[in-house]
6 protein chains.
Amino acid sequence: MTARSDGRAVDELRPVSIQPHFTEMPAASVLVRFGRTTVMCTASVDERVPRWMDRPGNTRGWVTGEYSMLPGATSPRFRREVSRGGLSGRTQEIQRLIGRSLRAVTDLEKLGPRTVYLDCDVLQADGGTRTASITGAYVALALACDTLLEEGVIAALPLTDSVAAISCGMLEGRALLDLPYVEDAAADVDLNVVMTGSGRLIEVQGTGEEATFTRAELNALLDLAEKGIGELSTLQQEALPDRLHFK
Amino acid sequence: MTARSDGRAVDELRPVSIQPHFTEMPAASVLVRFGRTTVMCTASVDERVPRWMDRPGNTRGWVTGEYSMLPGATSPRFRREVSRGGLSGRTQEIQRLIGRSLRAVTDLEKLGPRTVYLDCDVLQADGGTRTASITGAYVALALACDTLLEEGVIAALPLTDSVAAISCGMLEGRALLDLPYVEDAAADVDLNVVMTGSGRLIEVQGTGEEATFTRAELNALLDLAEKGIGELSTLQQEALPDRLHFK
Amino acid sequence: MTARSDGRAVDELRPVSIQPHFTEMPAASVLVRFGRTTVMCTASVDERVPRWMDRPGNTRGWVTGEYSMLPGATSPRFRREVSRGGLSGRTQEIQRLIGRSLRAVTDLEKLGPRTVYLDCDVLQADGGTRTASITGAYVALALACDTLLEEGVIAALPLTDSVAAISCGMLEGRALLDLPYVEDAAADVDLNVVMTGSGRLIEVQGTGEEATFTRAELNALLDLAEKGIGELSTLQQEALPDRLHFK
Amino acid sequence: MTARSDGRAVDELRPVSIQPHFTEMPAASVLVRFGRTTVMCTASVDERVPRWMDRPGNTRGWVTGEYSMLPGATSPRFRREVSRGGLSGRTQEIQRLIGRSLRAVTDLEKLGPRTVYLDCDVLQADGGTRTASITGAYVALALACDTLLEEGVIAALPLTDSVAAISCGMLEGRALLDLPYVEDAAADVDLNVVMTGSGRLIEVQGTGEEATFTRAELNALLDLAEKGIGELSTLQQEALPDRLHFK
Amino acid sequence: MTARSDGRAVDELRPVSIQPHFTEMPAASVLVRFGRTTVMCTASVDERVPRWMDRPGNTRGWVTGEYSMLPGATSPRFRREVSRGGLSGRTQEIQRLIGRSLRAVTDLEKLGPRTVYLDCDVLQADGGTRTASITGAYVALALACDTLLEEGVIAALPLTDSVAAISCGMLEGRALLDLPYVEDAAADVDLNVVMTGSGRLIEVQGTGEEATFTRAELNALLDLAEKGIGELSTLQQEALPDRLHFK
Amino acid sequence: MTARSDGRAVDELRPVSIQPHFTEMPAASVLVRFGRTTVMCTASVDERVPRWMDRPGNTRGWVTGEYSMLPGATSPRFRREVSRGGLSGRTQEIQRLIGRSLRAVTDLEKLGPRTVYLDCDVLQADGGTRTASITGAYVALALACDTLLEEGVIAALPLTDSVAAISCGMLEGRALLDLPYVEDAAADVDLNVVMTGSGRLIEVQGTGEEATFTRAELNALLDLAEKGIGELSTLQQEALPDRLHFK
């Protein structure tokens, strides 16, 4: 059996780093790396809610995600979506996924009538950009909430759990964790999993790429994802102050 | 334990009908109903391939899906996406899902250098429009391929299996099959499954709607989906001539 | 003198059917057929008026039309306008025509400050889609008004007359009524007429297609249209309850 | 019976002027005035045909119109359509009308594989901008064809007749010719007629503005239009050299 | 040393004409010509301010510019920007420049909470369209302010100085004033200068066109521009009534 | 006289850092900082030329710039331009400036028929983003050309000089170098200068912000800019290998 492209074990994450306070302007800024994949995740707070929420008596807030690839993130260059006349279906899918994932651990009532934007801008793309985005965005969200709490804008931390995400896939009959681009492009089945720190599922997206798969294969991939997300949760805790840890 | 909104058992499909030859203009036209949800699925053949495929020496074809809601499909009226300046993220996600699902059972080499468009236009929406679309689109695709074969345009049926889809969800702690709108809107967890007639998975999309779920719940939902898709596969066979059945 | 493509007399309509209550979601839903041309006309009521009308003291309502072809309505497939970046000039002309035609028989004061949307979605196109749309949309509008009246939302029926429309044209020197696509494409002159049930004109659009015509020819075509619209008015009455008939 | 707003007889045109050679850049440039309505009509020749015509063996040309209002043409200011995100339905209708009207008198075979653009830019708008545009555009087209002939680009004049257009309408029970804005806004019925110099109809567009009309009223308006177009044809001839006159 | 394309001295303006009251609809309308370059500049007053200014207590106004080329302004024809899907970068740069230039001499407080739109529509383009636009727009602005003053809408003239603009450039080692298209296209360095009637700079835009230049060359060009703008200021005064002159 | 906001001398640059090889995917990647302003400049090579250049026999290349602000670059958050429906005028002006500035030092013939994209993505914005972008983009361009040379794609370095840029402005009567946001927003006059390493001007853009300025003030600002660009050129050399230095 051949080794993986980068020599990792089938259930091994790429080297992951989570660097908080990468820039100073937004409420929180995190640089996250899964191997060469590099995403700048920033959290910005807007003291308004989206139009559809903005009704008299509303007391809830909103958390939303935006995702974008910088042109130099890939080779060949990635053409900006603004030049193509709008967001691709893929980008919109990822944005919706980021938003849903973070909202699943946010108490929107405690957040109060404001919006937290989680902007995930991919500086370098080598597979797993959506899962790195969610993993980094959680850290940015936690730090931004911490600041709101410290400033007295909110009265209690509006988070109920942490959240992280990982991809895995079936390649030549093997279930592999955390696929870089070269493996992702060759995989028959692709599974993205979003999970809380306490091990509950938020999102399971399994896709046969012009292929099909069995329940057994799905289970093998879910096992891998669970292991990887456990490790990511630990790394998120290490990047955050104690007061933001969930037991 | 309270009954479902429409009195069905938890593992019971809504009344399903699949009516081929609904209109005469396209290569194939199917009207599919899952309860009140009504979708017109047409297959149109274009003797060209998409631009990105159109290279010298290309011998493969393409299958793609488009999805749209008619304004009168819902109450209140659904505003046309052309008037909003483009397709919503939701529409694009569904279109991509339809295309991937049908391509998973198509031998693009046997289809040859042409494109089959599967247009799924929702005449009435009451939950499960994407799964009804995939289920009906497969029948339209099979009929269109049959015509191409009959006309001698292609030499062999380019299908490897049938495909159908169903939604299920967790509502008040119960796993339910085939949710109408009223249940879908209240569900905590939503699972869409696309499967072949022979029981292999193509797509699994489980989402916690501001909620989370366990592996056990995921498995219960997958069991329900498997049962429902088995029944849909039988109904698809009944709507198609014998020569288009997979054993 | 050769017969018409489908054997009809020059002043004979295609088989026309008007099927009310085709779907259940909108205020009213009508399936209309002129031969193979099939249009789903729905009326949806919105308890707001357009922005430009929405001034303090406004007591009037609005009636507007939207028109769209489903991709499978034609062969070859009709590319969706949302994918082309906007409505074509032709579609906008037809939408404006539908709105004007229905407003000509509506008492907007009696309708009160609400909007009725008449959505005409062409399921199958074989010539005369705009005239079938107007003819079916009137029936949907009448049914929707009837419901508003029954529910006590309005105090009196806001209609002053019925309205129907038909196309005719000059082909090889003959004036023909109700052209299917094959005749329409070959015609030198094209006339669309919208008329009330009581025989008054609402709209006359005569166009030489890279050709010209005389006053005498215009008059011959208007005579044909008058006859056809008389017959359509009778069919509309048959599809509507007595209380919605104009003597 | 009250006089018209500007004291004209019911069948009298506003003062009309047609000034050829208004600018030097395009193939032909004409400034046309119907009262205060002022339109710059330019003809530009492009030695290509539209994409849909551009097939091997094509020998025909194309004539097309574009129409635009300058912001200062009206008071209050007319907001540019580029700022609104696209052409309004009204603008597209007028553009299509201009193109059809000019093509009706053009021999596209004799024009050869090139496109003549007729740009009608309204410098000042006071009713009748579409009819002034067609009337001026014809003069620009004739002059541009004359130049092509003189330069030897084409072998024969590709025109079969002249074309002019006028509006008329029913206002307080009277049929009036050539409505300025103040009359147009108050009219119950609006008729735009496009006719050749030899008196044949090209386009008849009669519209009840939330009103209806009779065959007798239509005929009265057509009589007025015929008279007005006869006078416009004479003015067009005076603006053109003898060699471009049709007897 | 060869003469200029049109025989002018290096520091000589083209024949300039400034014709006020060109049309009657907008608040003010000016036709300005720099040689063959012809621009219709209109000023329209809107009794609202832009959205971003519209806050409670706001007492200031706004002056903004829009710029557009008519299709017949150039040969070959200039394709409308509305057909290309939006304003080009060049058009937006010019619009911003026009707005800034006019605001530099406007007391927005005295203007009060209203907007003056300066629309510069190029009827014919032969180089220097942006400088002709600014020069003409100032005259339109002054006339519009004069009318507002006369009508008692404002209490004092909200202008602090006049403003005019000219282009110059380095061509074959010579500094030239007021370049027509043929010189502009060949120039190595291009300088646009906007200046007040009293000789103060508002805008200096010097650009090497795939070339570079020295401080000495920049100074020579600025000297030329100063001379030209002095002459334009005199012509502006001649086009305006005495009460609108700045000493 | 009060000190500057950050205590710098009037003619002192902010701390500048230029970090090559920031990411690995594009041909070259540079992270440049002017104080808190942080821009990721990447150079990507596309072996095609723009459409308008792509004619038989073409042997020249193209250099173009794109500029974008990340949402988290500013506080409050900067809304993505793709969500607003297109690039703002400001962004387009900056993109055009970046492209022109880099082309002024590029021998497009030596570059050969390929395009170098210089993407300047602002990670953090605190004034001077366009000048930091140009300064960093030059380093990325030089590194990308070096790689092309090394790989034998091109035969000689296609650069004729280095290029850098700086802003300065008049604030409370003083000429200041390299304005951060707080000074930029308050300045009366703003000057952006692009210059080569050998001291020749490429671009001079001086703007009175609702203010005017004198020739003397312009000269004082140009002197400051010259000093600052001299220092930036030295820093660029330090970031580049010797073989890429111009004496």
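Label-point distances for residue E:2 to the equivalent site in the other copies, using a point 7 angstrom along Cα→C-beta, read 5.7, 6.6, 6.6, 6.8, 9.0 nm when ranked shortest first. Phi angles across the range F:16-22 convert, under the Karplus curve 6.51 cos²θ - 1.76 cosθ + 1.60 with θ = phi - 60°, into 3J(HN,Hα) values of 10, 10, 10, 10, x, 6, 5 Hz, Gly and Pro given as x. For the range A:1-55, the list of GluC sites (Glu not before Pro) that fall in a loop by DSSP and count at most 13 other C-beta atoms within 10 angstrom reads A:24, A:47. Between F:29, F:133, F:75, where does the largest GNM mean-square fluctuation fall for chain F, given springs only between Cα atoms within less than 10 Å? Residue with maximal mean-square fluctuation among F:29, F:133, F:75: F:75. Phi angles across the range A:168-180 convert, under the Karplus curve 6.51 cos²θ - 1.76 cosθ + 1.60 with θ = phi - 60°, into 3J(HN,Hα) values of 8, x, 9, 9, 6, x, 10, 8, 10, 9, 6, 7, x Hz, Gly and Pro given as x.
Size descriptors for the range D:1-58 (Cα atoms only): Rg and Dmax, in that order, 19.3, 63 Å. The amide H of residue B:28, built 1.01 Å from its N in the peptide plane, has B:43 as neighbours under 5 Å, considering only residues 5 or more places off or on other chains. In plain terms, if you count all Cα to Cα distances in the protein assembly as shown and split them into 10 Å steps from zero, the share in each step is 1, 7, 13, 17, 19, 18, 15, 8, 2, 0, 0 percent. Short to long, the 10 Å bins of the Cα pair-distance histogram for the range A:147-202 hold 22, 29, 24, 13, 11, 1 percent of all pairs.
Note that the range F:240-247 has calculated 3J(HN,Hα) couplings of 10, x, 3, 5, 9, 8, 9, 6 Hz, one per residue in order, obtained from phi through the Karplus relation 6.51 cos²θ - 1.76 cosθ + 1.60 (θ = phi - 60°); glycine and proline are x. Mean sequence separation of contacting Cα pairs (under 8 Å, at least six apart), scaled by the length of chain C, corresponds to a relative contact order of 21 percent. The residue among B:158, B:237, B:108 whose Cα reaches farthest toward the positive pole of the charge dipole of chain B, with charges on the beta-carbon of Lys, Arg, Asp and Glu, is B:108.
For residue A:199, neighbours were defined as the other residues whose beta-carbon sits under 10 Å from its Cβ, and their charges (Lys and Arg +1, Asp and Glu -1) total 0. Ranked from shortest, the separations from the 7 Å Cα-to-Cβ label point of residue F:173 to its equivalents in the other copies are 4.6, 8.0, 8.0, 8.6, 9.6 nm.
Summing charges over all other residues whose Cβ lies under 14 Å from the Cβ of residue F:112, with Lys and Arg as +1 and Asp and Glu as -1, gives -2. From the Kirkwood radius over Cα pairs of the range A:74-233, Stokes-Einstein at 10 °C and 1.306 mPa s returns a whole-number translational diffusion coefficient of 94 µm²/s. Database remark: amide H of residue D:189 closer than 5 angstrom to the amide H of D:170, D:209 (H placed geometrically; neighbours at sequence offset of 5 or more, or on other chains; Pro and chain starts carry no H).
Let me know the charge dipole size of the range B:16-244 about its Cα centre in debye, to the nearest 20, where only the beta-carbon of Lys, Arg (+1) and Asp, Glu (-1) is charged.
On the way: 22 positive and 31 negative charges, 131 e Å.
Once rounded to the nearest 20, the dipole reads 620 debye.
If you build a Gaussian network model of chain F, linking Cα atoms that sit under 10 Å apart, which residue out of F:92, F:236, F:205 swings the most? Its mean-square fluctuation being the largest, the pick is F:205. What pairs in A:110/A:227; D:110/D:227; D:110/D:247 have C-alpha atoms more than 26 Å from each other? Long pairs (Cα-Cα over 26 Å): A:110/A:227; D:110/D:227.
Taking every DSSP beta bridge that has both ends in the protein assembly as shown, the antiparallel portion is near 85%. When residue B:52 is represented by a point 7 angstrom out along its Cα-to-C-beta vector, the spacings to that point in the other copies are 2.8, 2.8, 2.8, 3.6, 4.1 nm, nearest first.
For the pair the range E:168-224 / the range A:16-42, the C-alpha centres are spaced 46 Å from each other.
Taking amide H positions as modeled 1.01 Å from N, with prolines and chain starts lacking one, the residues under 5 Å from residue F:37 and 5 or more places away or on another chain are F:126. For the rotation carrying E onto A, the chain E residue whose Cβ lies nearest the axis, with the distance in whole Å, reads E:85, 4.
Every number in this text was worked out from the coordinates using simple rules, so none of it is lab data. Quantities reported herein were computed from a predicted structural model and do not represent experimental measurements. Using ideal geometry, Cβ is built from the backbone for each residue, glycine included, and neighbour counts are taken over all protein chains shown.
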